[in-house]
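The structure under discussion appears below in the form of structure tokens.
The values are calculated or read from the model by the stated rules, or taken from the named source; none is laboratory data. Since the model is a prediction, treat every value here as computed from it, not as a measurement. Glycine gets a Cβ as well: all are built from the backbone with ideal geometry, and neighbour counts include every protein chain shown. With ligands, DNA and RNA removed, areas are computed over all heavy atoms of the protein, side chains included. Shrake-Rupley method; radii C 1.70, N 1.55, O 1.52, S 1.80 Å.
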Amino acid sequence: MTSHPLIRALDGSSTIFLGVLAAIGILVPLSNLLLPETSLLHVPTYLVALWGKYTCYAILALAIDLIWGYCGILSLGHGAFFALGGYAMGMYLMRQIGTRGVYANPILPDFMVFLNWKELPWFWYGFDMFAFAALMVVLVPGLLAFCFGWFAFRSRVTGVYLSIITQAMTYALMLGFFRNNFGFGGNNGMTDFKDILGFNVQAAGTRATLFMLSCVALAIGFVMCRAIVASKLGKILIAIRDAESRTRFLGYRVESYKLFVFTVSACMAGVAGALYVPQAGIINPSEFAPGHSIEAVIWVAVGGRGTLVGAALGAVLVNYAKTVFTSGPLAPYWLFMLGALFVLVTLLMPRGIVGTFREWWAPLFERTGPQKMVLAEPPIDGKPAE
């Protein structure tokens, strides 16, 4: 009897990762809600929100690793899909404020009243419903990725040229969202959120629930990526990464495979952005900045490209380091430190943290692991082989 494809897709490291993620997703909220603040094991609410943001970054890194590590598509614009998902969730949260805003307008958000908007723009319709907003979180980034990929991949734009145009895409979106007449809050973006599904976004219970949902989304995204890369589709993606022209010569529609995985990756990034916004409490055009997309690629490179586990680990480690170093005397030099980290990892550990660990661990496992049966070679000239 063969096991389910999803079970076959999970190797030892994947099982360990999911187990650790499940433990963190359960223990952290419980320690925050059940243990008193005087307890050494109590996790403060601000740390729950901070780690929740790290988890959202891990989902974004996972999405980038799926296309870069397994298909060779280096996107420097995935921050755009992350931001679009965040704006879709931000629009829902702004519609929930109602008369509790500064101007007490039941329909228009505060920034529209301040800018003398007379009525709600048509593209804001439906965002008072959570189901519609959740659909837009996936649909808008996915549709943009599909349209962008359709033209880019059919034109056979690859390599550094594709990276440049993805960066140009997110920069163009950033400039558009900075405009006040674009209808998304301009430079200030959206903030001062009150409720999500009727629950106060600032409450400890809501923060803990959002953290748990972020962990669940990371686990689902990880399992989905593992199912893709461990299937026949994954083997074709790796073939495209390693020898695209040869794969095309064998009769595979390379553009279709690229378009599919690029769209899936964008949808994952949109979900990450949607979970990030209520935990961060703000969304503004700076999320479209090309530097954010480049930084996300560095997370994947540090953790280990083409490992999935390493991408999530790299996102958490780099952002934790950013939190530590940007709050002290080294804050002005953080970008230099980040660049130095990327250069050092590229030179000393080109496979990243997880990839290098696996490379070191494999020979040790071969020496200490179970002995494999080796068939004796046939004798040569009547003498047994040495």
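Here are the numbers:
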read-out: Whichever residue in region 279-302 is hydrophobic (A, V, I, L, M, F, W, C), under 20 Å from residue 210 (Cβ atoms) and outside any helix (DSSP H, G or I) and, among such residues, is least open to solvent (accessible area, probe 1.4 Å); value: 283
read-out: Long-range neighbours under 7 Å by Cβ, at least six apart or interchain, first residue without any contact (Cβ under 8 Å) to a residue 60 or more places away in the chain and farther than 21 Å from residue 272 by Cα within region 142-165, second outside any loop (DSSP other than H, G, I, E, B) and open to solvent by 40 Å² or more (accessible area, probe 1.4 Å); value: 152/165; 157/165
read-out: Residues being part of a loop (DSSP other than H, G, I, E, B) and within 17 Å of residue 274 (Cβ to Cβ) - total across region 51-105; value: 1
read-out: Qualifying residue in region 38-51 (condition: open to solvent by less than 10 Å² (accessible area, probe 1.4 Å), of a type in the set (Val, Ile, Thr) and in contact with a Leu (Cβ under 8 Å, 6 or more places away or on another chain)); value: no
read-out: First in region 26-50 and more than 19 Å from residue 317 (Cα to Cα), second anywhere and open to solvent by 60 Å² or more (accessible area, probe 1.4 Å) and at pLDDT 95 or above, Cβ under 6 Å, 6 or more apart; value: 29/212
read-out: Test for residue 134: is it free of Cβ contacts under 8 Å to residues at least 60 places away in the same chain and open to solvent by less than 70 Å² (accessible area, probe 1.4 Å); value: no
read-out: Residue check for residue 144: open to solvent by 20 Å² or more (accessible area, probe 1.4 Å), modelled with pLDDT of 95 or more and within 18 Å of residue 182 (Cα to Cα); value: yes
read-out: Extreme residue, most open to solvent (accessible area, probe 1.4 Å), among residues of region 303-334 that are among the hydroxyl-bearing types (Ser, Thr, Tyr) and in contact (Cβ under 8 Å) with a residue 60 or more places away in the chain; value: 320
read-out: Residue in region 333-354 that is within 21 Å of residue 71 (Cβ to Cβ), assigned to a helix (DSSP H, G or I) and at pLDDT 80 or above present; value: yes
read-out: Residue count for region 147-164, restricted to those that are crowded, with 19+ Cβ neighbours inside 10 Å and closer than 21 Å to residue 88 by Cα; value: 1
read-out: Top-ranked residue of region 250-267 - restricted to ones that are β-branched (Val, Ile, Thr) and in contact with a Leu (Cβ under 8 Å, 6 or more places away or on another chain), ranked as least open to solvent (accessible area, probe 1.4 Å); value: 261
read-out: All positions within region 165-214 that are touching a Pro at 6+ places or on another chain (Cβ under 7 Å), under 19 Å from residue 81 (Cα atoms), open to solvent by less than 60 Å² (accessible area, probe 1.4 Å) and assigned to a helix (DSSP H, G or I); value: 167, 170, 174, 177
read-out: Odd one out for residue 61 among (1) small (Gly, Ala, Ser); (2) at pLDDT 95 or above; (3) within 26 Å of residue 233 (Cα to Cα); (4) open to solvent by 40 Å² or more (accessible area, probe 1.4 Å); value: (4)
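For every residue, the table says whether it meets (1) open to solvent by less than 20 Å² (accessible area, probe 1.4 Å); (2) under 22 Å from residue 157 (Cβ atoms).
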{"residue": "55", "(1), (2)": "yes, no"}
{"residue": "76", "(1), (2)": "no, yes"}
{"residue": "79", "(1), (2)": "yes, yes"}
{"residue": "107", "(1), (2)": "no, no"}
{"residue": "112", "(1), (2)": "yes, no"}
{"residue": "124", "(1), (2)": "yes, no"}
{"residue": "130", "(1), (2)": "no, no"}
